[in-house]
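**Q** Below is the structure I would like to discuss, written out as C-alpha coordinates.
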Amino acid sequence: MLFRPASAAAAAGPNVTTSPVSVTLSTQPGTITSTRLALRNNGDAPINMSLQLDTFSADGASGQARIQTPPANDASISWVHFSQTSFTTQPNAWSYIQMTINVPKTASLGYYYAVLFKPSISVSLNGANTNVINGYNAILVLLNAVTPNEHPQLQLASFSSDKKFYEYLPTTFSINIHNIGN
(Lines give C-alpha, C1' and ligand atoms only; values in the text may rest on other atoms or scores of the structure.)
Protein backbone atom coordinates (compact mmCIF):
# COMPACT_ATOMS: atom_id res chain seq x y z
CA MET A 1 0.00 0.00 0.00
CA LEU A 2 1.29 3.47 -0.89
CA PHE A 3 0.78 6.40 1.47
CA ARG A 4 1.41 10.04 0.77
CA PRO A 5 0.96 13.15 2.92
CA ALA A 6 -2.33 14.96 2.57
CA SER A 7 -0.44 18.08 1.46
CA ALA A 8 0.81 16.17 -1.61
CA ALA A 9 -2.63 15.10 -2.78
CA ALA A 10 -3.26 16.17 -6.35
CA ALA A 11 -6.21 16.11 -8.66
CA ALA A 12 -6.65 12.83 -10.45
CA GLY A 13 -4.80 12.55 -13.75
CA PRO A 14 -6.41 11.86 -17.09
CA ASN A 15 -8.53 8.74 -17.43
CA VAL A 16 -8.19 7.45 -20.99
CA THR A 17 -8.59 4.18 -22.86
CA THR A 18 -6.69 3.29 -26.04
CA SER A 19 -7.80 0.73 -28.58
CA PRO A 20 -6.72 -1.69 -29.86
CA VAL A 21 -4.03 -2.90 -27.48
CA SER A 22 -1.90 -4.01 -30.39
CA VAL A 23 -2.08 -4.16 -34.20
CA THR A 24 -0.38 -6.54 -36.63
CA LEU A 25 -0.04 -5.30 -40.21
CA SER A 26 1.32 -7.48 -43.03
CA THR A 27 2.14 -6.01 -46.42
CA GLN A 28 4.50 -6.26 -49.36
CA PRO A 29 7.45 -3.85 -49.55
CA GLY A 30 6.72 -0.88 -51.83
CA THR A 31 3.13 -0.49 -50.62
CA ILE A 32 1.19 1.73 -48.22
CA THR A 33 -0.73 0.29 -45.30
CA SER A 34 -2.76 1.97 -42.57
CA THR A 35 -4.71 1.32 -39.42
CA ARG A 36 -7.09 3.27 -37.19
CA LEU A 37 -6.09 3.95 -33.59
CA ALA A 38 -8.59 5.15 -31.01
CA LEU A 39 -8.48 6.99 -27.69
CA ARG A 40 -11.44 7.50 -25.35
CA ASN A 41 -11.51 10.26 -22.75
CA ASN A 42 -13.30 8.65 -19.80
CA GLY A 43 -13.15 11.85 -17.75
CA ASP A 44 -15.43 14.85 -17.54
CA ALA A 45 -13.05 17.49 -18.95
CA PRO A 46 -11.34 17.88 -22.34
CA ILE A 47 -7.73 16.65 -22.56
CA ASN A 48 -5.06 17.91 -24.94
CA MET A 49 -3.14 14.93 -26.33
CA SER A 50 -0.04 14.49 -28.46
CA LEU A 51 1.41 11.41 -30.15
CA GLN A 52 4.96 10.14 -29.91
CA LEU A 53 6.32 7.34 -32.08
CA ASP A 54 8.77 4.99 -30.36
CA THR A 55 9.77 1.39 -30.98
CA PHE A 56 9.46 -1.71 -28.84
CA SER A 57 11.21 -5.04 -28.45
CA ALA A 58 10.62 -8.25 -26.54
CA ASP A 59 12.47 -8.18 -23.23
CA GLY A 60 14.20 -11.38 -22.13
CA ALA A 61 12.63 -14.80 -21.83
CA SER A 62 9.28 -13.37 -20.67
CA GLY A 63 8.80 -11.48 -23.94
CA GLN A 64 7.38 -8.45 -22.10
CA ALA A 65 7.26 -5.43 -24.43
CA ARG A 66 9.97 -2.86 -23.71
CA ILE A 67 9.27 0.57 -25.23
CA GLN A 68 12.35 2.56 -26.23
CA THR A 69 13.32 5.73 -28.06
CA PRO A 70 14.39 4.76 -31.58
CA PRO A 71 17.99 5.47 -32.59
CA ALA A 72 18.49 8.56 -34.74
CA ASN A 73 19.47 6.42 -37.74
CA ASP A 74 16.25 4.33 -37.69
CA ALA A 75 14.82 5.09 -41.14
CA SER A 76 11.61 3.14 -40.46
CA ILE A 77 10.35 5.98 -38.23
CA SER A 78 10.19 8.29 -41.27
CA TRP A 79 7.83 5.83 -43.02
CA VAL A 80 5.06 6.53 -40.46
CA HIS A 81 2.56 9.38 -40.69
CA PHE A 82 -0.48 10.23 -38.56
CA SER A 83 -3.67 12.03 -39.56
CA GLN A 84 -2.92 14.33 -36.62
CA THR A 85 -0.17 14.39 -34.01
CA SER A 86 -1.93 16.56 -31.45
CA PHE A 87 -5.62 16.92 -30.69
CA THR A 88 -8.14 17.64 -27.97
CA THR A 89 -10.29 14.73 -26.88
CA GLN A 90 -13.68 15.63 -25.47
CA PRO A 91 -15.19 14.12 -22.30
CA ASN A 92 -16.75 10.66 -22.69
CA ALA A 93 -15.90 10.58 -26.40
CA TRP A 94 -13.66 8.64 -28.75
CA SER A 95 -10.99 10.30 -30.90
CA TYR A 96 -9.62 8.47 -33.94
CA ILE A 97 -6.18 8.72 -35.51
CA GLN A 98 -5.21 7.20 -38.85
CA MET A 99 -1.68 5.72 -38.84
CA THR A 100 -0.25 5.32 -42.35
CA ILE A 101 3.00 3.51 -43.13
CA ASN A 102 4.66 4.01 -46.52
CA VAL A 103 6.70 0.80 -46.70
CA PRO A 104 9.65 1.20 -49.11
CA LYS A 105 10.72 -1.53 -51.56
CA THR A 106 13.85 -2.09 -49.45
CA ALA A 107 11.85 -3.06 -46.32
CA SER A 108 12.35 -6.57 -45.01
CA LEU A 109 10.92 -8.61 -42.12
CA GLY A 110 9.54 -6.95 -38.97
CA TYR A 111 9.29 -3.41 -37.61
CA TYR A 112 7.99 -2.78 -34.10
CA TYR A 113 6.34 0.57 -33.34
CA ALA A 114 4.90 1.93 -30.09
CA VAL A 115 2.46 4.83 -30.47
CA LEU A 116 2.39 6.78 -27.20
CA PHE A 117 -0.63 8.94 -26.32
CA LYS A 118 0.71 11.73 -24.12
CA PRO A 119 -1.69 14.01 -22.24
CA SER A 120 -0.69 17.65 -21.90
CA ILE A 121 -1.46 18.29 -18.25
CA SER A 122 0.06 20.29 -15.47
CA VAL A 123 0.03 19.03 -11.92
CA SER A 124 -0.06 21.43 -9.00
CA LEU A 125 1.07 19.99 -5.69
CA ASN A 126 1.02 21.75 -2.32
CA GLY A 127 3.93 19.93 -0.68
CA ALA A 128 7.65 20.39 -1.28
CA ASN A 129 8.52 16.68 -0.87
CA THR A 130 6.39 15.15 -3.60
CA ASN A 131 6.87 12.81 -6.53
CA VAL A 132 5.10 13.17 -9.85
CA ILE A 133 4.74 10.10 -12.05
CA ASN A 134 4.14 10.50 -15.79
CA GLY A 135 2.51 7.61 -17.59
CA TYR A 136 1.26 7.20 -21.12
CA ASN A 137 -1.02 4.80 -22.91
CA ALA A 138 0.62 3.01 -25.82
CA ILE A 139 -0.59 0.95 -28.76
CA LEU A 140 1.94 -1.55 -30.09
CA VAL A 141 2.05 -1.88 -33.89
CA LEU A 142 3.90 -4.76 -35.54
CA LEU A 143 4.60 -4.28 -39.24
CA ASN A 144 5.48 -7.45 -41.13
CA ALA A 145 7.10 -6.68 -44.50
CA VAL A 146 6.48 -9.97 -46.33
CA THR A 147 9.54 -10.95 -48.40
CA PRO A 148 10.86 -14.22 -49.90
CA ASN A 149 13.72 -14.32 -47.36
CA GLU A 150 11.25 -14.53 -44.48
CA HIS A 151 11.62 -17.78 -42.50
CA PRO A 152 9.11 -18.07 -39.67
CA GLN A 153 10.03 -21.02 -37.46
CA LEU A 154 9.30 -21.95 -33.86
CA GLN A 155 10.91 -24.61 -31.70
CA LEU A 156 9.42 -26.24 -28.62
CA ALA A 157 11.97 -25.44 -25.90
CA SER A 158 10.19 -27.08 -22.96
CA PHE A 159 6.91 -28.69 -22.01
CA SER A 160 5.83 -29.65 -18.50
CA SER A 161 2.72 -30.28 -16.43
CA ASP A 162 2.02 -29.82 -12.75
CA LYS A 163 1.24 -33.57 -12.31
CA LYS A 164 2.67 -36.73 -13.77
CA PHE A 165 -0.79 -38.24 -14.47
CA TYR A 166 -4.23 -36.69 -14.81
CA GLU A 167 -7.44 -38.49 -14.02
CA TYR A 168 -9.75 -35.47 -14.17
CA LEU A 169 -9.75 -32.07 -15.81
CA PRO A 170 -8.66 -29.28 -15.54
CA THR A 171 -4.97 -29.64 -16.32
CA THR A 172 -2.10 -27.19 -16.26
CA PHE A 173 0.69 -27.20 -18.84
CA SER A 174 3.73 -24.96 -19.08
CA ILE A 175 5.03 -24.46 -22.60
CA ASN A 176 8.13 -22.50 -23.62
CA ILE A 177 8.54 -21.77 -27.33
CA HIS A 178 11.68 -20.35 -28.92
CA ASN A 179 11.61 -18.30 -32.13
CA ILE A 180 14.45 -19.66 -34.26
CA GLY A 181 13.30 -17.95 -37.46
CA ASN A 182 14.32 -14.56 -38.71
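**Q** Kirkwood hydrodynamic radius of region 138-182 from all distinct Cα pairs, in Å?
**A** 14.1
**Q** Calculate, for the chain, the solvent-accessible area per residue in square angstrom, rolling a 1.4 angstrom probe over the heavy atoms of the protein chains.
**A** Roughly 67 Å² per residue, with all protein chains present.
**Q** Beta carbons within 10 angstrom, averaged per residue: use that to sort the peptides 65-72, 166-173, 85-92, 108-115, highest first.
**A** By packing density, highest mean first, the sequence is 108-115, 85-92, 65-72, 166-173.
**Q** Express in nm, to one decimal, how much length is gained between ASN134 and SER57 on full extension, taking 0.36 nm for each residue of separation and deducting their alpha carbon distance.
**A** Length gained between ASN134 and SER57: 25.6 nm.
**Q** Please compute the volume of the convex hull spanned by the alpha-carbon atoms of the chain and report it per residue in Å³.
**A** Hull volume normalised by residue count: 210 Å³.
**Q** Ok, one more. Can you tell me how much longer the chain between THR69 and THR85 gets when fully stretched, taken as 0.36 nm per residue apart minus their C-alpha distance, in nm with one decimal?
**A** 4.0 nm
The values are calculated or read from the model by the stated rules, or taken from the named source; none is laboratory data. Please read all numbers here as calculations on a predicted model, not as lab measurements. Reconstructed Cβ throughout: ideal geometry from the backbone, glycine too, with neighbour counts over all protein chains shown. Keep in mind that these areas ignore ligands, DNA and RNA; they rest on the heavy atoms of the full protein, side chains included. Shrake-Rupley method; radii C 1.70, N 1.55, O 1.52, S 1.80 Å.
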